[in-house]
1. For A:GLU81 paired with A:SER245, estimate the spin-label separation in nm (one decimal), with each label point 7 Å from Cα along the Cα-to-Cβ line.
2. Test of understanding: ordering A:HIS288, A:HIS394 by Cβ neighbours within 10 Å, fewest first, what list do you get?
3. How many nm is it between the label spots at A:ARG413 and A:SER607, if each spot is 7 Å from the Cα in line with the beta carbon?
4. What is the set of long-range amide H partners of A:GLY631 at a cut-off below 5 Å, with H atoms built 1.01 Å from backbone N?
5. Whole-Hz Karplus ³J(HN,Hα) for segment A:554-566, in order, using 6.51 cos²θ - 1.76 cosθ + 1.60 and θ = phi - 60°, x for Gly and Pro?
6. Give the order of A:ARG900, A:ARG511 when sorted by the count of other beta carbons within 10 angstrom, beginning with the fewest.
7. Give, rounded to the nearest 20 debye, the magnitude of the charge dipole that segment A:317-377 has about its Cα centre when Lys and Arg contribute +1 at Cβ and Asp and Glu contribute -1 at Cβ.
8. At a Förster distance of 25 Å, what's the computed FRET efficiency of A:SER559 paired with A:ALA359, Cβ-Cβ distance as r, to 0.05?
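Values in this text are rule-based calculations from the coordinates and carry no lab data. Predicted model only: the values in this text are computed from it and were never measured. Cβ placement follows ideal geometry from the backbone for every residue including glycine, while neighbour counts extend to all protein chains displayed.
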Amino acid sequence: MALQRKKREHPTGNADFNELEDDAYESVGFHDHGDYFERKKRKLQNQNAALYRGMGESSVSNIFEGLSMAINGYTNPSYSELRTMIIQNGGTFVQYVGKKTSLSFLICSFLTPSKANQWKHHKVVTPQWIVDCIRNQKLLPWTNYRAVHPVASQSLLSFSDAFKEVVPQISEQHHESSEVEDQTQDALPSNDVGQTETKKMNDELPNSLKFLSRSAWHNYHLLNTPNIRKSTTQNPEFLQKFFNSSRLHHLSTWKTALKEEIQIMTTSSGLTSVRNVKSINTKHFIMHVDFDCFFAAVSTRNASELQLKPVAVAHGIKNSEIASCNYEARKYGIKNGMFVSTAKSLCPSLVLVDYDFDAYESVSREFYSVLVDTPNDYLKVISIDEALLDLTTHVQSFEDCANIAESIRKRVRTRTNCDVSVGIGSNVLLARLALRKAKPHNVFYIRDEDAYVYLQSLPVQDLPGVGPSQSSKLFDLYNAKTVGDLQKINKHILQKTFGANYGLHLYNISRGADTNNISNETPRRSISVDVNWGVRFVFLEDAMDFLKRLLQELLNRMSKCDVALHQLQLRVLKRAENAPFNPIKYLGAGEVTPLTKSAMFTSATKSFDILYRQIVNLYISLDVDPGDVRGIGLQASKIVKDSNNEQSFNFNAPLKTPQKKILPGLSNRQHTQGQGQEFDEIYEKKEPSPTDTTFVPSTPYNLPSASQMSPSVLAQLPQSMQGSIKRQLEVQNKKFDEIPSKLDPLFLKELPTPIRNEVKEDHEITMNKRIKLKTHARPNEKVPEETVEKIQQQDAFQKMLRPNKKEKKKNLPQVDLQVLEELPKEIQESVLEEIKLSRYDLAREVKMMPNPVVTFQQKQSIDDLRELVAIWYEKSPRGPNSHDVEYFSRYLGRVVREERNLLKVQALIRWLQQLNRRNKVGAWQMAIDRTVEAVQEACLIRNTPPLVLL
Amino acid sequence: MATEDPSWTVKQCIDVFREFLIVCIHSILCNRQLYPESLFIKSRKYNTVVWQSRHPILCNYIQDAVEACTQELQEGIVECIYLSITSTDQVELERYIFSAYSIPRIPDFLLEKPVSPRVPYSDSFVESLRAAMIRIQNATHSLQQLPENCSWSIRLTLKENNTRPKAWETWYLSEHTPESNLERRYQNLTIPLRNISIGPMDSEIWLESRPDVYDNEK
């Protein structure tokens, strides 16, 4: 404690001191570090003080008096020089910075980023400031010598010149990349456009840039480099390029194409026997054929010297994933999916080869032609380099299978110069497991009798469909590591922990049983387009523009499959909260949070306009900063075969009726909901007559009757909607007539009671409707329908022209004058007033009546007014001009009466009295009295007692 | 109520104002020692210390009185609400006035409509209430002590052309005749307190006291 007190007595280093008296020099004893350090600091201060006194008269100045400073890092002039300078000029030099706030300045040439961040709210100056201050013998404004410039954060952007400062730095980057750019420019003329766009952006945008978020700002800078810009979503040709170089995209498109081709090949070759419906008991022979490290093998197939070296296929040089590596490379521990840089560090001699998508395709074609030539029951395409063959009827034993497998291997080898491995088993699962064993370059088969034993030794995650989460769950709960452990677990327990389906699946596959039939093809359920590389936006418009292109791509794919969608899902990958602006993978997505939003459509659609409008809504509702978008995907789900082209679905309808051609197919039936479905049910419960089954409304809503619809509005709707609305109308109009008036009692009997009641009720309701309808005069059935429609439209149009008078009147309270007269006068008035109020105030807005603020020489705040009064007082020491006094008094009076701020008046008068207190100028006293008088008068007018002013 | 609509409505203003009135009345009654001090407890409101009555009857009375005022406030016919402290012989000694003339006269259904021009809802009004609260407390402390057995009441003055409150049956007519109003004008003194602004609403608060009566008592 004593120590601390003393410290306060000697706040600066140059204070007088006596070494002997200072307890900092007492023997230290056993104290903690804090105590030791405190003493050290004090001793250093004393040294500095000694230095200052040592200067004696030569101590140059005291310009830094009261300022404490510390030095950090390398400086020029040097540390000791600076220290002397500070001390000589009366400053306090701090060796060890305890609290930042106790320090006036930190002197440094450069601060590390983390320190700069720590010190960003403090005064950090360059050594030049000290030098210049001493040279000029006065304290110069330190802001000109800032060592730490405020980060280019949002707050800075509002200054227009701050923006100018940043731009030159970017243009330097431009120069660096311009060389590369020149080469590409000839090849891609579109680049020119991109460049001018960027330039235009530079000139025009500073205003709009102010509103950008930091991430968008970062993207803006990033995209300023034309080369980068070209490879992001900003390039109009981005999508095409992206999908051309995406291996995943290629794989999936190949797969669908291959499937179709195989279908054609197998039927044309005639080799495949018709798939017999075989009893389940027959033993199957399934063969799983797979290339060994397909991409790597194909890329090196013509370069034998490479085949013995570690080879990997990848896009880039550093931060891209390895798609495939050969077995040579795997020896080094390289795996598929690894980053190239990691792989390189594992094996420096790794040879990188680029994708060769054309070669993959041709090799794959050869491969499949070999398979098709092999006699088989069924050929299933798994992917470009993988296939399943069902050989059941063509072989007798596993040995036969192995022979066929060897012949396949040989033929593929000769035709493609690549190796395949073959696994054989009695079902898909076992074939797959055998394949794993067969790799590389071999054939392996698992007999059923061996399967159980073979499985036992496998680790659980080797089973297909068992991922890391399931295997860890198995280990945690049951200590099951191998399939053998898994086999011991009871089926019910598995089903309890993993759910009925998956539990059963686990139980089965652990015993080598696979219920999946090889020929079970699940129909395609969704189509999607996803982009998660190179997505960089600055403005909302960029995102919209890209969404437009993405939707176009989706629609292209949908039209290839000839489908329309019921549900559209938008997926946005948003940069994770703490993820850096630049992910490790160049223009990659980095760490992201996925966001999804979807929209349902009542009828299947593939119209660009409808979908785009919906997408924009979805995107906006996600509310993501455009700068944070790292990936966008669109998914069409609940897809149905486009009904317009698929008449064959309409098997119940007599095809030649022109009316029915435009009807949606039956496939739509399951998607109709709500009221439409009600009718459906009714139909289905009755014996279907050939006419009524086809009337399935595509819009589930009950439309108003035709007479209520505006033909002009109808005409403006898109063609498809017009059609559906008309159809719906027809359906609605017809329905009631077509419903049989009596329910079949036999049919009713068969229904369970609650449903029967429902049906009865429904029937009653529809019958009631029908009766009501009948009361209207319906146009003769024989009139051609077109003319009927026209008549109805005209009716509707005329109704539109007549404004609905009743509705307008509703807003006015109806006042019966006779009743009004009988009322007492007061109430009469108030009623009338209320009417007036409701008549006018409905439109008028609510307005408060705040006190108007009276200004005095454009000043209104009390501080400004005080200042003004003080100047007035100072400028006229002998007393004020009487006009001024009048003017001021009038103002105060208005404040009392109009602004109604008594406190302000009181404060101002007190202020005047205060000003005059020292000199007691008589003329001023009179002026004050005059203002007081004016104020009290105003108070009386306002009906308030006089103000207390003293 | 406020969180849903980001703009001020008249109703919101009145709600805030009503609450402020209640808090003020509690504190004034305590500081002027109209009731034994032990009836009150310290509490925190508007980020400052206020006094709150512990007596349920008193609490309910204040609540009801202000509630009745609020109904009139919503009509937009009230000019001022004031708390008046009277001596045993019905002489008004002090009057704490809260003006309410900025509340417009509007039909019921517009009470919830945002005030135009729109004033975005913010908490800044609390600052002005806090300042006013502190000033009221200071002013009440600096006044001379009241004589014994004073009473108090809450009263309204209406805007021009309004002769009586809407729910006039429930109100008692003030015992102050216009003559005493004149008397008040010459005998009382006005001590300005502080104006408050609740969003778009302004309210002037001042205190009128009658110094001569205290002197007489002494």
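1. Simple spin-label model gives 5.2 nm for this pair.
2. Ascending number of Cβ neighbours within 10 Å: A:HIS394, A:HIS288.
3. Between A:ARG413 and A:SER607, the simple spin-label model gives 6.1 nm.
4. Those lying under 5 Å, H to H, from A:GLY631 are A:LEU573.
5. 4, 5, 4, 5, 5, 5, 5, 8, 6, 10, 10, 10, 9
6. Starting with the residue having the fewest Cβ neighbours, the order is A:ARG511, A:ARG900.
7. Around 580 debye, computed over segment A:317-377.
8. After rounding, the FRET efficiency stands at 0.30.
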